[in-house]
Structure formats: C-alpha cells, structure tokens
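Step one of this worksheet: look at the structure below.
The values are calculated or read from the model by the stated rules, or taken from the named source; none is laboratory data. Because the structure is predicted, anything quoted here is derived from the model rather than measured. Note that we place each Cβ from the backbone using ideal geometry, even for glycine, and neighbour counts take in every protein chain shown.
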Amino acid sequence: MDLSEILARIGRDMAVAPDRGKVATYIPELACIDPARFGMAVATADGQLFCVGDAEVPFSIQSVSKVFTLALALGRQGETLWQRVGREPSGHAFNSILQLEHEAGIPRNPFINAGALVVTDALLAGRSRDDVLAELLGFVRQAAGDDTIGIDAAVAASEAAHGDRNAALAHFMAAHGNLRNPAHETCAAYFNQCAIEMSCRQLALAGRFLVGGPDMPRRIPPSPLRRILALMMTCGHYDASGDFAFRVGLPGKSGVGGGILVIAPGRASIAVWSPGLNTNGNSQLGTIAMERLAAKTDWTVFS
Ligand code: GLN
C-alpha cells in the first residue's frame with residue numbers, strides 16, 4: 001500500500017471515530033476548537049509530501065514548540081544546559097510541581113513545562129523577549145520553508161491570563177536559583193512560543209531538520225539532533241511516553257492543542273492534529289493515527 005492510500009484510510013477511519021477525547025479547556029481560547037477536526041501530513045526524506053483531512057488548518061502547536069526551543073538552546077549553550085535541566089522521564093503530568101521540590105528546582109527534562117521554562121529562560125540570556133521570539137519564528141519558518149507561520153496573540157493572551165500554574169513553576173525554580181530572568185518575563189516568552197500556529201503540512205515540513213539523510217535540511221549538528229530525538233522518545237508524551245514508544249515506536253512530541261510531531265529517522269517527518277486529548281493530555285486520535293501509520297509503514301527505531 002502506498003503512503004497516500006495509507007493516509008486516506010487513516011483519515012476515513014478517524015473521521016468516524018466515536019471517542020475523540022476532550023479538548024483542553026484550561027487555556028480558554030483553545031476550548032472552542034471543534035473536536036471533529038483531524039489532519040495529518042507526512043514529509044518524506046525523498047522530498048514528497050502527503051496530506052489528509054484538515055492538514056491545511058492552522059492549530060496551536062503548544063508544547064510541540066519545546067522541540068524547537070530545545071534545538072535553539074542546545075545550539076546556543078551546548079552541554080551546559082544540562083546543569084539546569086535533566087533528561088529523565090518524569091512519570092508525572094506535564095504541569096506537575098511535585099518533583100521540583102524533591103529535586104531542588106531542577107526539572108526532570110526539557111519537555112515538561114518546568115523544563116521548557118528553563119530552556120526558554122536560557123534563550124532569554126542577555127536578550128529581549130522580542131529577540132528570542134523573532135529567532136524562534138525565524139528558525140521555524142526557515143525549517144518549514146514558509147514565512148507565513150506566526151504566533152496567535154489571542155492564544156498567548158488567553159494562556160497568560162490563566163497562567164498561574166506555570167507562574168508557580170517559574171517562581172519555584174527562581175527560589176532555587178534556577179531562573180535567570182524575572183519569572184513573569186520567562187513565562188511571557190513561553191506563552192508566546194506555545195501560541196505558534198501551524199498546520200500539519202507546515203509542522204511536518206518544519207520537522208524535516210530532525211529526520212537526517214542527504215536531502216533533508218541541516219539546521220543542527222548530528223549529535224544534538226540524536227539527543228533531541230532520544231528525549232522525544234523518552235519524555236515527549238509526559239506520563240504516557242512509555243505507552244507512545246510501545247505503541248508507535250518512534251520519537252514524538254505532543255502538545256495540548258492536539259498536535260503531535262513524530263520523526264521516523266532517515267525516512268519522514270509526520271504531523272498529526274486532532275484537538276481532543278486523552279487523560280494524559282496527548283491527542284487521542286493523533287496517537288491512534290500515528291500507531292496505525294507506523295504499523296502500516298513498518299517505520300520504527302527498533303529494527
Ligand atoms: N502552553 C501549555 C502549558 O504550559 C503547553 C502544555 C502542553 O502543550 N502540554 O500548559
């Protein structure tokens with residue numbers, strides 16, 4: 001079966017799936033997104049692009065942005081970043097504060113909220129929020145080859161207005177000396193990065209820099225690239241990272257907007273979007289769709 005047929009079948013099945021999960025409501029601007037939406041896009045290492053469903057509809061990438069900020073921070077400060085953030089799965093929810101107290105303000109990994117706040121804080125060193133966001137948007141636009149990608153200001157404002165939990169994480173880390181900028185400033189940059197809006201097509205194209213292979217864009221050296229993929233595999237789905245590795249067998253990063261970016265190394269960058277979430281805060285149908293795609297294509301990092 002070729003890829004367009006596989007995608008068409010997944011799209012048909014997902015359109016009628018009865019259990020679509022629940023759209024995130026803690027960011028009010030995301031609460032009104034239609035749970036019937038489903039889109040998927042695959043950008044292959046040989047330069048082809050396959051899309052199905054709502055693959056052209058922009059959505060809030062939320063925590064998928066953490067992959068891009070990590071790439072930038074590793075490029076800027078390399079290994080010293082690991083003095084401030086770990087690289088172990090957390091086994092807790094994405095916004096948990098529990099572990100931070102035990103571990104003296106050093107977050108478990110860069111993909112939980114606390115860890116992503118540290119990464120953003122590192123990017124802010126000696127620079128303004130506007131500079132950091134401009135660099136991030138420039139990186140994503142160039143990776144996708146698409147200058148129209150932007151930030152949804154309404155989503156950023158909505159999260160800021162309801163951002164007490166992230167502010168608590170930031171202040172707690174500041175109390176432990178693990179924040180260099182005022183907590184409100186780091187949070188403001190973080191809310192904006194999460195509010196980047198992209199379609200599945202744009203996200204799949206932006207993810208190509210993680211695929212490797214002779215014809216894929218090279219935005220970062222091979223060593224940090226492998227490390228980002230390792231972290232996506234072990235920590236990209238929070239407390240469900242093990243389940244995602246078991247079911248899909250490929251590194252992925254999810255966001256509460258319902259998007260997931262998955263990389264089949266040397267083969268493809270895949271983006272899926274369906275806004276209804278499972279109890280771990282990952283896209284319900286997005287996870288099922290990725291599981292089916294991996295099974296049908298035999299793409300895995302375990303063979
Ligand atoms: N902006 C969201 C938050 O901080 C991102 C979380 C997510 O996508 N899992 O809560």
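Please find, among 254, 223, 241, 199, the residue that is polar (S, T, N, Q), surrounded by 21 or more Cβ atoms within 10 Å (Cβ to Cβ) and away from the ligand (no atom under 14 Å from the Cβ). Exactly one residue qualifies, and that residue is 199. A single member of 105, 163 is more than 16 Å from the ligand (Cβ to nearest atom) and among the small types (Gly, Ala, Ser), and it is 105.
Inspect all residues belonging to the stretch 196-213 and state whether any of them is modelled with pLDDT under 95 and either on the phi > 0 side of the Ramachandran plot or more than 12 Å from the chain's Cα centre (by Cα) (or both). The answer is yes; a qualifying residue exists. Taken together, 42, 16 contain a single residue that is of a type in the set (Val, Ile, Thr) and either closer than 17 Å to residue 207 by Cβ or under 17 Å from the mean Cα position of the chain (by Cα) (or both), which is 42. Each residue in the stretch 59-89 was checked for being within 16 Å of the ligand (Cβ to nearest atom) and either surrounded by fewer than 23 Cβ atoms within 10 Å (Cβ to Cβ) or in a strand (DSSP E or B) (or both), and 3 pass.
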